[in-house]
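First comes the structure, then the notes that go with it.
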Amino acid sequence: MTVYGTRPEAIKVAPVIKALEASEELDSVTVVTGQHREMLDQVNEIFEITPDHDLDIFEHGASLSQIAARVLERLDPVLAAEQPAAVVVQGDTSTSTAAALAAFHRGIPVAHVEAGLRSGNILSPFPEEANRRITSQVAALHLAPTATSKANLRHESVPGDAILVTGNTVIDALLMTVDKKTPFSDPALEDLADSGSRILLVTTHRRENWGGAMEGVGRALARLATAFPEVHVVLPAHRNPVVRDAVLPQLEGLDNVTVTEPLAYGEFTRMLALSSVVLTDSGGVQEEAPSLGKPVLVMRENTERPEAVEAGTVKLIGTDEQRIVDEVSTLLRDQDAYEAMARATNPYGDGSSAARSVEAIQHLLHGGPRPTDWQGDAPR
Ligand code: UDP
């Protein structure tokens with residue numbers, strides 16, 4: 001049984017669900033919590049997944065505790081009815097941690113996809129760092145995307161035979177999608193693609209950036225759009241009104257800024273492939289963009305994804321308005337600085353992470369030969 005509730009989880013578990021559906025040994029049952037509503041449904045549609053159960057927990061303004069409590073309460077009867085052999089959760093959302101706990105309470109083994117990421121600061125990202133640590137405490141199988149994440153788990157005394165390095169399933173999702181050249185539903189974006197303009201693609205949503213920091217991001221974008229009239233800023237705005245109220249007012253009236261609704265995953269990956277520079281506070285985008293050779297500036301003080309920073313394609317720049325303007329300006333003006341970052345690297349996966357994850361789940365439940373760690377991210 002796979003349980004998920006937000007857009008990033010849906011993207012990252014979709015390849016696992018597809019691999020479970022293809023498995024001859026296992027049956028797949030899918031449960032969505034609806035923590036994100038429309039953005040989640042959009043991803044299920046793209047990957048042609050029809051959930052078997054929908055806990056429908058979404059409510060505007062629900063607190064983290066309300067979200068967690070609803071997942072615990074509504075998932076328990078589904079676990080009782082379906083009696084799954086194992087529950088798969090992904091990442092670090094309130095959905096995934098509450099679902100892991102609900103399964104643990106019923107003695108059902110938990111397989112944690114994207115296990116072992118650590119920023120080292122329990123308060124940042126908030127609440128994700130705590131969520132992922134709590135899930136590690138109750139999981140029976142830890143599917144670590146990289147050798148670094150495995151080392152983090154070993155450091156916390158998780159037994160080595162309970163961990164498999166799989167690569168990150170987001171790269172499976174990206175490779176399943178990016179070549180489809182999905183048409184943009186917004187004609188303005190199709191015109192932009194035809195124009196050949198340089199594109200600065202921006203996403204922002206992190207809870208710890210809400211408020212003043214995010215208003216600064218909005219002001220920085222307005223200054224960049226004014227300083228670089230030939231560059232086009234594309235901002236698919238997160239559905240959360242807190243994010244929209246902070247950023248969007250500063251961008252009104254600028255011709256070279258296009259604010260869109262969240263792009264369907266196929267459209268987003270196409271926009272990623274078309275863009276020159278990516279400015280983001282997203283976890284998943286930090287993993288996807290290096291595969292496409294796009295320089296990524298990350299508006300956070302720390303990251304639980306050090307691999308691409310080490311490879312030189314991702315740079316942490318924080319949320320200071322002036323720093324954002326300076327760092328983006330350098331990449332737009334200085335060809336050498338740009339080329340130093342614009343190299344395709346794949347520290348996060350090779351597109352077979354979901355298949356490895358399902359092999360490991362089969363091994364957990366049925367024994368047999370243990371799959372071997374993915375070596376793709378080992379230093380060469
Ligand atoms: N994404 C998308 N449409 C958008 C913006 C992002 O499909 O308009 C995808 C993106 O490719 C990545 C995921 O959503 O796979 C990241 O989600 P988000 O930034 O919300 O969460 P995080 O990765 O930070 O947990």
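The values are calculated or read from the model by the stated rules, or taken from the named source; none is laboratory data. Everything quoted here is computed from the prediction, not taken from an experiment. Quick reminder, even Gly has a Cβ in these numbers, built from the backbone with ideal geometry, and neighbours come from all protein chains shown.
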Looking at P347, P379 in this structure, which one is crowded, with 17+ Cβ neighbours inside 10 Å and modelled with pLDDT under 95?
P347
Being at pLDDT 95 or above, of a type in the set (G, A, S) and buried (at least 16 other Cβ atoms within 10 Å of the Cβ) narrows it down to one of A81, A69, A85, A98, so name that one.
A98
Options V298, V234: the member that is free of Cβ contacts under 8 Å to residues at least 24 places away in the same chain and among the aliphatic types (A, V, I, L, M):
V298
Failed condition for E9, given (1) among the charged types (D, E, K, R); (2) more than 15 Å from the ligand (Cβ to nearest atom); (3) buried (at least 19 other Cβ atoms within 10 Å of the Cβ), with all others met?
(2)
Taking only region 158-176 into account, find how many residues are within 16 Å of the ligand (Cβ to nearest atom) and either polar (S, T, N, Q) or surrounded by 24 or more Cβ atoms within 10 Å (Cβ to Cβ) (or both).
8
Scope region 64-87; condition farther than 12 Å from V31 by Cβ and more than 21 Å from the chain's Cα centre (by Cα); matching residues
S65, Q66, A69, R70, L72, E73, A80, Q83, A85, A86
Look at region 299-315 and say how many of its residues are modelled with pLDDT of 95 or more and closer than 23 Å to Q250 by Cβ.
1
Please give the strands (runs of 3 or more DSSP E) falling wholly within region 30-127 in which 1 or more residues are within 15 Å of the ligand (Cβ to nearest atom).
87-90, 110-113
Does A144 satisfy being within 25 Å of L20 (Cα to Cα), within 16 Å of the chain's Cα centre (by Cα), surrounded by 22 or more Cβ atoms within 10 Å (Cβ to Cβ) and in contact (Cβ under 8 Å) with a residue 60 or more places away in the chain?
no
Test: residue in region 296-319 that is in contact with a strand residue (DSSP E or B) (Cβ under 7 Å, 6 or more places away or on another chain) and farther than 24 Å from G91 by Cβ:
no
Members of region 180-200 that are part of a loop (DSSP other than H, G, I, E, B) and touching a strand residue (DSSP E or B) at 6+ places or on another chain (Cβ under 6 Å):
D186, S197
Sort out which residues of region 242-278 are under 26 Å from S63 (Cβ atoms) and within 15 Å of the ligand (Cβ to nearest atom), and write them in order of number.
V242, V243, R244, V247, L248, E261, P262
Complete set of residues in region 53-66 that are without any contact (Cβ under 8 Å) to a residue 24 or more places away in the chain and surrounded by 13 or more Cβ atoms within 10 Å (Cβ to Cβ):
D54, A62, Q66
Considering residues of region 279-298 that are within 11 Å of the ligand (Cβ to nearest atom) and within 26 Å of P249 (Cβ to Cβ) only, the residue surrounded by the fewest Cβ atoms within 10 Å (Cβ to Cβ)
S282
